[in-house]
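Structure first, commentary second.
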Amino acid sequence: MTLEVTLGEPARATTVPPDLRTHLTDPSTRAALMIRQSVLTAVRRLLDAEGFVEIQAPIIGPVTDPGVRGAKQMDVDFYGHRYKLMTSAILYKQATLLAFDKIYYIAPNVRMEPLETFGTDRHLVEFHQIDVEMAGASRDDVTALCERLVVAATREVLQHRPAQLGVTGRDLDALRRLGQEPFGRMTHAAAVAELAGMSQQADAHAEIDWSNEEMLSLEAPRPFFLTDYPKGSRGFYDRESRSDPGTLRNFDLIAAEGFGELCSGGERESDYRRIMSRIRETGENPAKYGWYLELAREGLHPSAGFGLGLERLVRYIAGLDAVWQASAYPKLAGVRSA
Amino acid sequence: MTSSSPNILRAEGFPAEEIRRRARLGARAVFPDASGYGADVFGEVPTGNRPDALDRLRILPPLFTPRRLEKLIELGREPMPADVDLRTDIGGLPSAFPLYLSALGSTKVASTRLGAAAARQAAQLGIPMVIGENIAPVNGYRGDDDSGGSMRRRISAYTGHLNGDLGGVLVQQSTEDADAEVWNQIYSDPETGPILMSGRLGFELKLGQGAKPGLGGMTLVDRDVAEAMAGRYAFDPAFDDGPQRLRCSAPGTFDEEILRQQIRLMRNNFPRARVGVKLFPGRDVATACAVAWEAGADSVTVDGAEGGSGWAPTVMMRSAGLPLADCLARISPAGQCLCVSGRMWEGARAVRCLALGARAVGLGRAALIAVDEDPDAGLIRLVSALTFEMRLLISALGKYAARDLASEDVGGDLVPEPGYPVGR
């Protein structure tokens, strides 16, 4: 693999992927991929038991999720029209609730991440999400489900992949404690204040940046939900609070031990008029969201859901240094690879 | 100094001949023809174009100059015009002068060699460059031809001639151009990595155009280009009986909350990039400036109704929008970075704008004329004349830094409007 770019500052990544043969024959890759399989087994078992219908996610469409920090969408020539590879299938998830009340995808996503993500140890250009959506659900409903999923996946791996956890060198005590206490909660505003207390700069109107998020993650005794992000930090589909305008009814799940964000989700805007205003607030051109806006005008179900990063969850459970180690064919920003 | 260029560029109502003279002669052109020195007598120089309210403002040097005394003490000698410090910071981009190269649009004259020549010279001068919002959608992002028209070629022409730590590139995007994801593309492009990492890349959210306030962009495009754009842009049938079609952009829908949130999202999504906002000269321009600065914009640029190198219906150019003087009268930057453009080409207009609150002024049409006159150094010489005049005027005002200019420095026969800052 060739690093094509000069980043202008030392890359912080602890490791970079080797060539594909070395990667695929590395015992720790094999262990990570088997842990990944167990995670998927546990996720599917739990969601199926709770009445969710698994749908195969779309791969291309005229539009995709625009709410992705700094990343470029990848264009596809669709018979002379510009289509996109899915950065996430959020808009399709909302649409699919017209068929079923509870759905999920194990969805492949592609994001041309900015080069600065190369050194975060937790960004991949090609990755998968456990993408869940529930009609009529609240944020509390889906954070509870997300927590059940993470705990179930962890227990599955502890039970069936102890040897592989040995290979990846996971601290098993920390894993075994997971689920003994409920995950924590912290609002975005409280996180900004806590960071200020640690003499870190954090913008009250923006995402928590990656280094600050890692710091919060290192401080946390257990995973926690970071809630109520400011409006200017997320896509138009996250629902704005009616009682606290300017904040969103959304969340990220932040793992402990410095592993950082695993999941983003929230309640969704479903009202056509509000969606249209929010589209403008996020600088989007409504014209390209034709099919989605038509559905919204005729009525979408209120819903909530999330996208739980599969490789990030595997990295966390397996205790890997970098998220690419949880992928068979890792692709990092700016790196040409198999 | 002769030029090999064919001088194809026309700019009606603009003092093109005077600009071309400066592009040839540089600072020497600030003076009357030296061949008449000692023999001719000189009065007020006719500029050949009708002065607007801003040009009618007089620059008012004082007799008593406490700041000159400070400078004298600092230097240990009498200060001279060359001691005037013109360096500044334009929305976070360090600049050798309070000048920037305005967006030259996707029109044919700017898309060919002139755009690249202007970019190269702006870099050499150490002043920031703004790239028009529809360059990428119209001319492509990468582009394989040698015309210099594509977005990347325009950026490369600039970054290939960077002057030390100075300058920077500000890339515009407006409502429909968001489809092309210009900002995301640049932000993840290895080629722009060095200017991004050195803090010299910015993105400018564009709300309309100076030459056609309240309307979106309009360009005539060849039929094959129009076909490629079908579905992404609207076309008006006005020109359909000719070889080209009229592409019309929507102006975009804004209210205060939409503007505020778009700026916050830019800061959120592109944390390493500077954030600018470009406003057309609307009647609520002061409110829009305040919202933009409050939301965290590093700079706000106002294109006076006199501005714009783009193609616009004459009724809009004649009748719509606030003149720059009125914009400056309404806006209170209060330490924030305000950039203005509109008929800029010489030092006095620039000094007046700075005195009325602007941090920097943009060269648009004048830059195009200058590089049309001499593609190698026309803009460099024009700026040399302009900055020479600025230094003369600022030192005459008893000041030695462009940022010290204030409303006390201008006055005269402009009829003050309520709240006008002149003479405070």
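The values are calculated or read from the model by the stated rules, or taken from the named source; none is laboratory data. Not measured: the values here are computed from a predicted model. All Cβ positions, even for glycine, are placed from backbone atoms using ideal geometry, and neighbour counts span all protein chains on display.
Remarks
- Check on A:Y289, among the hydroxyl-bearing types (S, T, Y), touching a residue at least 60 places away in the same chain (Cβ under 8 Å) and touching an Asp or Glu at 6+ places or on another chain (Cβ under 7 Å): no
- Note on the range B:253-263: among residues that are within 8 Å of chain A (Cβ to nearest Cβ) and over 19 Å from A:Y289 (Cα atoms), the one that is surrounded by the fewest Cβ atoms within 10 Å (Cβ to Cβ) is B:E257.
- Test: A:E261 is more than 18 Å from A:A89 (Cβ to Cβ), assigned to a strand (DSSP E or B) and away from every other protein chain (no Cβ under 14 Å): yes
- A:R176 farther than 13 Å from A:Y229 by Cα, out of contact with any Ser or Thr (no Cβ under 8 Å at 6 or more places or on another chain) and not aliphatic (A, V, I, L, M): yes
- Count of the range A:245-279 residues which are of a type in the set (D, E) and more than 28 Å from A:S211 (Cα to Cα): 2
- Selection of first residues in the range A:86-114 that are over 16 Å from A:G51 (Cβ atoms) and away from chain B (no Cβ under 14 Å) and of second residues that are at pLDDT below 95 and assigned to a strand (DSSP E or B), restricted to Cβ pairs under 9 Å at least 6 apart or on distinct chains, gives an empty result.
- Among the residues making up the range B:153-212, those that are closer than 30 Å to B:R283 by Cβ and of a type in the set (A, V, I, L, M, F, W, C) are B:L170, B:V171, B:A178, B:V182, B:W183, B:F203, B:L205, B:L207, B:A211.
- The set of residues from the range B:290-305 being surrounded by fewer than 24 Cβ atoms within 10 Å (Cβ to Cβ) and in contact with a Leu (Cβ under 8 Å, 6 or more places away or on another chain) comprises B:V291, B:A295.
- Helices (runs of 4 or more DSSP H) within the range B:101-177 that include 2 or more residues farther than 29 Å from A:P286 by Cα and modelled with pLDDT of 85 or more: B:113-125, B:151-159
- Residue count for the range A:276-312 satisfying the condition of being touching a Leu at 6+ places or on another chain (Cβ under 7 Å), away from every other protein chain (no Cβ under 13 Å) and surrounded by 21 or more Cβ atoms within 10 Å (Cβ to Cβ): 6.
- Residue in the range B:213-224 that is nearest to the other protein chains (Cβ to nearest Cβ), counting only those that are at pLDDT below 85 and buried (at least 16 other Cβ atoms within 10 Å of the Cβ): B:G216
- Highlighted here are the helices (runs of 4 or more DSSP H) found entirely within the range A:113-230 that include at least 3 residues which are of a type in the set (G, A, S) and within 24 Å of A:L46 (Cβ to Cβ): A:139-160.
- Whichever residue in the range A:29-61 is out of contact with any Phe, Trp or Tyr (no Cβ under 8 Å at 6 or more places or on another chain) and polar (S, T, N, Q) and, among such residues, is farthest from A:Q129 (Cα to Cα): A:T29
- Taken together, the criteria place B:F203 among residues that are within 12 Å of another protein chain (Cβ to nearest Cβ) and either aromatic (F, W, Y) or over 26 Å from the mean Cα position of the chain (by Cα) (or both).
- Across the range B:232-252, the qualifying residues are those that are without any contact (Cβ under 8 Å) to a residue 24 or more places away in the chain and within 14 Å of another protein chain (Cβ to nearest Cβ), and the one among them that is nearest to B:D284 (Cα to Cα) is B:A234.
- From the options B:G193, B:G199, residue that is within 29 Å of B:G160 (Cα to Cα) and at pLDDT 85 or above: B:G199
- Boolean, B:N184 is at the interface with chain A (Cβ under 9 Å from one of its Cβ atoms), over 23 Å from A:G246 (Cα atoms) and assigned to a helix (DSSP H, G or I): yes
- B:A334, sole failed condition from (1) buried (at least 24 other Cβ atoms within 10 Å of the Cβ); (2) modelled with pLDDT under 95: (1)
- Matching option when the condition is at pLDDT 95 or above, surrounded by fewer than 19 Cβ atoms within 10 Å (Cβ to Cβ) and away from every other protein chain (no Cβ under 13 Å), among A:A196, A:A189, A:A255, A:A174: A:A189
- Within the option set B:D33, B:D89, B:D85, being at pLDDT below 85 and of a type in the set (D, E, K, R) holds for one residue only, B:D33.
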